[in-house]
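What follows is one structure encoded as structure tokens, with my remarks underneath.
The values are calculated or read from the model by the stated rules, or taken from the named source; none is laboratory data. Just so we're clear, the structure is a prediction, and the values are computed from it rather than from any experiment. Positions of Cβ are backbone-derived with ideal geometry, glycine not excepted, and every protein chain shown enters the neighbour counts.
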Amino acid sequence: MERAISDKNILDKFVIDFTKIVEKYVKYIIVSGFVSISHGRTRGTEDIDMIIEKISLDKFKSLHFELEKNNFECMQSSKAEDIYDYLARKDSVRYIRKGEFLPEMEIKFVKDELDLLQLSTRQKLPLSGLDVWFSSIEMNIAFKEELLKSDKDLEDAKHLRIIYEDKISESFIKDIKKMIRKYRLKIK
């Protein structure tokens with residue numbers, strides 16, 4: 001099910017424009033709330049969450065300069081070296097379109113085995129109508145149910161479970177939840 005260009009909203013267009021640049025330089029995934037929103041869940045969000053593989057400073061500079069050339073700017077700094085330092089410290093950075101405050105793309109480097117698994121199991125999800133890489137539906141459900149747990153996150157997980165009812169692997173969700181407890185919650 002491919003949505004027509006006229007069906008694209010501001011978030012969709014922002015994600016498409018941003019990811020077309022990013023994928024030239026680095027492997028990425030879109031995670032969290034936008035996954036549910038792109039599948040028809042009606043709820044607000046101001047940011048889209050992206051995880052990217054760790055890359056060299058030189059490669060990041062090239063990515064950053066192309067983003068700037070295409071009307072995106074980083075809210076933390078205009079200097080690629082400073083932005084890279086944020087990411088290397090496991091902080092996130094936010095990019096916006098120049099002159100606009102919303103939406104934002106929040107970017108983080110991979111930080112552990114769980115993020116590496118997310119990147120290695122990334123998927124294009126045709127039901128979203130977007131040609132971008134997402135973390136798997138199972139990953140999104142597991143994170144929302146095991147780690148995030150807000151009302152909004154639990155509703156997102158419920159929405160994804162309904163849409164992908166016959167396609168999700170409960171055993172994979174269970175395995176991811178174990179990894180979340182180990183790597184994020186530090187529970188053995």
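Values for this structure:
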read-out	value
Every pair of residues 6+ apart whose Cβ atoms lie under 7 Å, when the first sits in the stretch 174-188 and is closer than 16 Å to Ala157 by Cα while the second is of a type in the set (Asp, Glu)	Ile176/Glu138; Lys177/Glu146; Ile180/Glu146
Answer from Leu185, Leu87, Leu125 - the residue that is of a type in the set (A, V, I, L, M, F, W, C), buried (at least 16 other Cβ atoms within 10 Å of the Cβ) and over 14 Å from the mean Cα position of the chain (by Cα)	Leu87
Considering residues of the stretch 27-48 that are of a type in the set (Ser, Thr, Tyr) and either under 10 Å from the mean Cα position of the chain (by Cα) or part of a loop (DSSP other than H, G, I, E, B) (or both) only, the residue nearest to Leu117 (Cα to Cα)	Tyr28
Number of the exception - Ile51 against (1) surrounded by fewer than 18 Cβ atoms within 10 Å (Cβ to Cβ); (2) not in a helix (DSSP H, G or I)	(1)
Checklist (1) at pLDDT 95 or above; (2) over 24 Å from Ser38 (Cα atoms) applied to Lys90, failing item	(1)
Qualifying positions in the stretch 26-48 - farther than 16 Å from Asp153 by Cβ, crowded, with 18+ Cβ neighbours inside 10 Å and not aliphatic (A, V, I, L, M)	Tyr28
Lone qualifier among Phe34, Phe60 - being without any contact (Cβ under 8 Å) to a residue 40 or more places away in the chain, in contact with a Phe, Trp or Tyr (Cβ under 6 Å, 6 or more places away or on another chain) and within 14 Å of Ile107 (Cα to Cα)	Phe60
Answer residue from the stretch 11-31, given it is among the aromatic types (Phe, Trp, Tyr) and in contact with a strand residue (DSSP E or B) (Cβ under 8 Å, 6 or more places away or on another chain) and is nearest to Pro103 (Cα to Cα) among those	Phe14
Residue match in the stretch 93-100 (condition: under 21 Å from Arg184 (Cβ atoms) and free of Cβ contacts under 8 Å to residues at least 60 places away in the same chain)	yes
Check on Lys24, of a type in the set (Lys, Arg), farther than 26 Å from Glu145 by Cβ, assigned to a loop (DSSP other than H, G, I, E, B) and over 13 Å from the mean Cα position of the chain (by Cα)	yes
Set Leu11, Leu67: member being among the aliphatic types (A, V, I, L, M), outside any loop (DSSP other than H, G, I, E, B) and modelled with pLDDT of 95 or more	Leu67
Qualifying positions in the stretch 147-170 - free of Cβ contacts under 8 Å to residues at least 12 places away in the same chain and loosely packed, with under 13 Cβ neighbours inside 10 Å	Lys149, Ser150, Asp151, Ile162, Glu165, Asp166, Glu170
Among (1) surrounded by 14 or more Cβ atoms within 10 Å (Cβ to Cβ); (2) over 16 Å from Ile51 (Cβ atoms) - the single one Lys174 does not satisfy	(1)
